[in-house]
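> First the structure, which I've put down as structure tokens, then a few questions once you've had a look.
The values are calculated or read from the model by the stated rules, or taken from the named source; none is laboratory data. Everything numeric in this text was worked out from a predicted model, so none of it was measured. Methodologically, a virtual Cβ is constructed for each residue, glycine included, from the backbone with ideal geometry; neighbour enumeration extends over all protein chains shown. What goes into the accessible areas is simple: the full protein's heavy atoms, side chains included, and nothing from ligands, DNA or RNA. Shrake-Rupley method; radii C 1.70, N 1.55, O 1.52, S 1.80 Å.
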Amino acid sequence: MDLMDIQTPPEGSYAEADGVKYHYVELGESGGSPTVFLHGGGPGCTGWSDFGQVAPLFAADRRCILVDILQYGKSAKPVIEGPMWDYHAAKTVALLDTLGVERADFVCNSWGGTIALNLAAKYPERVRSLVITGSMPVFHGPLAPLPEGGRRGRNARDVYYGGTGPTWEKMRQLIARLEWYDADAVPDGTVTLRFEQSLDPEETALAGASDNPRGDWQDLTAELGLIAAPTLFLWGMYDAFLTPDYPLMLARMIPKGSLHIMSEASHHPQEERPYDYHSVVTGFLNQHHN
């Protein structure tokens, strides 16, 4: 299988979790170590779009659960009121309960990583270890202020859905500019998958809403020091949102935090360098984490 050209998404399954419905794709051995993959918050992102290329490598010896985060993919699109990361963490724990997962490793990109960090702080018994790429859990940086006030993702979403609306070419430009190091290497299949999902009527409505349907933004500075799980920040050297000095700061805020910087990668190293990403991540996950 050519991991650089994403395969057609499997049908996946649905699970009720505390009043909302999640969609997820499960790969690998049911008896393997449970590993939950949480995707980023870009237009059209899903568990499969972000991790479908690399997940088969992890599935060789793990139970891989690729989740569509609420408001994305085929999962429910509720309007979130109150603190957003608390909401997502609680619902994700409810999903673990439904799936019979007591404790899991979390492998996450961007938006999903912030959810997992908050979950690890608030529900420490549910998390064995964390791998976080491109997430922004705190609003300050060592070279503060953050680039563009940390709003680059929201600005990109506004541009994508604004003007004449979503197009395949606008999606390709977004991925090439903000998510991949090598713009020429972005697979057409990935662009198509993201573009088609971004046209979902409920997703489009969320993007155009003016009443803050995603919930209240939270700064997790106080939470990071509470995270007991070993945490690897795996960052692209050329991440378009947050330069590597930022995850170094985060790693120092977590008692068992560490950092790996990947060359020739931006915001989605798991897609752009899947074999190398798997090698680094599985090496970390297979360490002796109590």
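> Suppose we filter Gly165, Gly149, Gly153 for residues that are more than 19 Å from Cys108 (Cβ to Cβ), open to solvent by less than 50 Å² (accessible area, probe 1.4 Å) and in a helix (DSSP H, G or I); which single one remains? Give the derivation first.
Details: Gly165 fails: in a helix (DSSP H, G or I); Gly153 fails: more than 19 Å from Cys108 (Cβ to Cβ).
Going through Gly165, Gly149, Gly153 in turn, just one is more than 19 Å from Cys108 (Cβ to Cβ), open to solvent by less than 50 Å² (accessible area, probe 1.4 Å) and in a helix (DSSP H, G or I): Gly149.
> As an exercise: evaluate Phe139 against (1) among the hydrophobic types (A, V, I, L, M, F, W, C); (2) over 19 Å from the mean Cα position of the chain (by Cα); (3) open to solvent by 50 Å² or more (accessible area, probe 1.4 Å) and give the number of the one condition it does not meet.
(2)
> Working only within the range 232-258, note down all residues that are among the aliphatic types (A, V, I, L, M), open to solvent by 60 Å² or more (accessible area, probe 1.4 Å) and not in a helix (DSSP H, G or I).
Applying the first criterion (among the aliphatic types (A, V, I, L, M)) to the range 232-258 yields 232, 234, 237, 240, 242, 248-251, 253-254.
Then keep just the ones that are open to solvent by 60 Å² or more (accessible area, probe 1.4 Å); that gives 237, 248.
If the condition is that a residue be among the aliphatic types (A, V, I, L, M), open to solvent by 60 Å² or more (accessible area, probe 1.4 Å) and not in a helix (DSSP H, G or I), then Met237 is the only one that fits.
> List pairs: first in the range 142-159 and of a type in the set (S, T, N, Q), second part of a helix (DSSP H, G or I) and open to solvent by 60 Å² or more (accessible area, probe 1.4 Å), Cβ under 8 Å, 6+ apart or cross-chain?
Close Cβ pairs (under 8 Å, with a partner that is part of a helix (DSSP H, G or I) and open to solvent by 60 Å² or more (accessible area, probe 1.4 Å)) amount to Asn155/Glu148.
> For the range 57-135, please list each of the strands (runs of 3 or more DSSP E) lying entirely inside it that holds at least 3 residues being more than 19 Å from Gly41 (Cβ to Cβ), modelled with pLDDT of 95 or more and not aliphatic (A, V, I, L, M).
On the way: elements: 62-67, 80-83, 104-109, 127-133.
It comes to 62-67.
> Okay, moving on. Please work out which residue is surrounded by the fewest Cβ atoms within 10 Å (Cβ to Cβ), limiting yourself to the range 212-231 and to residues that are outside any loop (DSSP other than H, G, I, E, B) and touching a Leu at 6+ places or on another chain (Cβ under 9 Å). Please lay out each step first, then the result.
Pass one, the range 212-231, residues outside any loop (DSSP other than H, G, I, E, B): 214-216, 221-224, 231.
This time we only want the ones that are touching a Leu at 6+ places or on another chain (Cβ under 9 Å), so: 214, 223-224, 231.
Numbers: Arg214: 18, Glu223: 22, Leu224: 22, Thr231: 27.
Restricting to residues being outside any loop (DSSP other than H, G, I, E, B) and touching a Leu at 6+ places or on another chain (Cβ under 9 Å), the top hit is Arg214.
> Here is a list: Cys108, Cys64. Which entry is under 16 Å from the mean Cα position of the chain (by Cα), over 26 Å from Arg157 (Cβ atoms) and either open to solvent by less than 10 Å² (accessible area, probe 1.4 Å) or among the polar types (S, T, N, Q) (or both)? Talk me through it step by step, then tell me what you get.
On the way: Cys108 fails: over 26 Å from Arg157 (Cβ atoms).
After applying the criteria, what remains is Cys64.
> Among the listed residues Phe51, Phe58, which satisfies the condition of being touching a strand residue (DSSP E or B) at 6+ places or on another chain (Cβ under 9 Å) and either free of Cβ contacts under 8 Å to residues at least 24 places away in the same chain or under 12 Å from Gly112 (Cβ atoms) (or both)? Show your work before the answer.
Working: Phe58 fails: either free of Cβ contacts under 8 Å to residues at least 24 places away in the same chain or under 12 Å from Gly112 (Cβ atoms) (or both).
None of the other options fit; the residue is Phe51.
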